[in-house]
Amino acid sequence: MSRILIVEDETRIASFVAKGLRAEGFAPTVASDGLTGRDYALTGEFDLVVLDLGLPGMNGFEVLAELRGQRPHLPVLVLTASDSGTDTVAALEGGAADYMVKPFHFAELLARIRLRLRTPVAAEPVPDELTAGSVRLDLRRRRAYLGEREVELSARELTLAEVLMEHRGQALSRAQLLSRVWGYDFDPGSNVVDVYVGYLRRKLGADFIRTVRGVGYRVD
């Protein structure tokens, strides 16, 4: 079980990421300020650090600098609220292994974490396509097909189909689908999952997604 340190002062984001990682089999720990995060990271008890840049007490760049000096092999994935590129370049040049701009989708964060940890999941070849019955997703070209006919899907519809097909045979709850497809900043009380499941059923067939009562949805 990989141990992940989340250094993030926004409680909602930290809780969301920790909950998602725990559900995926990781052991997350949260630090809400830079000094605490630095001290935790230097213990050697963690396999990867998710580090916010805008932290109280000691900012993310300062934490990163100390980690690179004392624990250079510890992978650090930086979170930044700025999409200007300036912080991103500075973080990568400062030794960050990867970065993500807020808001982000949990599924992408999870994929990046697995890649940096080189877990068995990450080490497996990434498939070029996913299939379920007569539905096929071309992941490289981001296109969907029903039999030989291409079906036009929105980016969100395609991501939802991809998540369900990646877990073919497994029922995923609405909460899991919300976090993986829409991200932490979406209203958890929304019926958006049900709405988009309806869209996919109309485009890819009524039997493409099955409802599992009391659980959520499944693709067989």
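Each value in this text was obtained by applying a stated rule to the coordinates, not by laboratory testing. Please read all numbers here as calculations on a predicted model, not as lab measurements. Here the Cβ is made from the backbone with ideal geometry for all residues, glycine too, and neighbour counts use every protein chain on show.
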For segment 141-220, which strands (runs of 3 or more DSSP E) that fit wholly inside it have 1 or more residues that are free of Cβ contacts under 8 Å to residues at least 12 places away in the same chain? 143-146, 149-151, 210-212
Residues being free of Cβ contacts under 8 Å to residues at least 60 places away in the same chain and assigned to a loop (DSSP other than H, G, I, E, B): count how many of those fall in segment 1-23. 3
The conditions are (1) without any contact (Cβ under 8 Å) to a residue 12 or more places away in the chain; (2) assigned to a strand (DSSP E or B), and Met100 fails exactly one of them. Which is it? (1)
What are the pairs with Cβ atoms under 8 angstrom where one residue, in segment 66-90, is outside any helix (DSSP H, G or I) and the other, located anywhere, is loosely packed, with under 12 Cβ neighbours inside 10 Å? Sequence gap at least six, or different chains. Arg71/Gly44
Could you list all residues from segment 24-65 that are assigned to a strand (DSSP E or B) and either charged (D, E, K, R) or in contact with an Asp or Glu (Cβ under 6 Å, 6 or more places away or on another chain) (or both)? Asp52
Looking across segment 4-49 at residues that are within 14 Å of Glu66 (Cα to Cα) and charged (D, E, K, R), the single one that is surrounded by the fewest Cβ atoms within 10 Å (Cβ to Cβ) is Asp39
Looking only at segment 70-87, which residues are surrounded by fewer than 19 Cβ atoms within 10 Å (Cβ to Cβ) and among the hydroxyl-bearing types (Ser, Thr, Tyr)? Ser82, Ser84, Thr86
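Here's the yes/no breakdown for (1) under 23 Å from Leu115 (Cβ atoms); (2) touching a helix residue (DSSP H, G or I) at 6+ places or on another chain (Cβ under 9 Å):
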site	(1), (2)
Ser15	no, no
Ala18	yes, no
Val30	yes, yes
Ala41	yes, yes
Asp47	yes, yes
Asp52	yes, yes
Pro72	yes, no
Ala91	yes, yes
Quickly run through segment 69-104 and pick out the residues that are small (Gly, Ala, Ser) and at negative phi. Gly69, Ala81, Ser82, Ser84, Ala90, Ala91, Gly94, Ala96, Ala97
Please verify whether Arg156 is closer than 28 Å to Pro103 by Cα, touching a strand residue (DSSP E or B) at 6+ places or on another chain (Cβ under 9 Å) and surrounded by fewer than 20 Cβ atoms within 10 Å (Cβ to Cβ), treating the condition exactly as stated. no
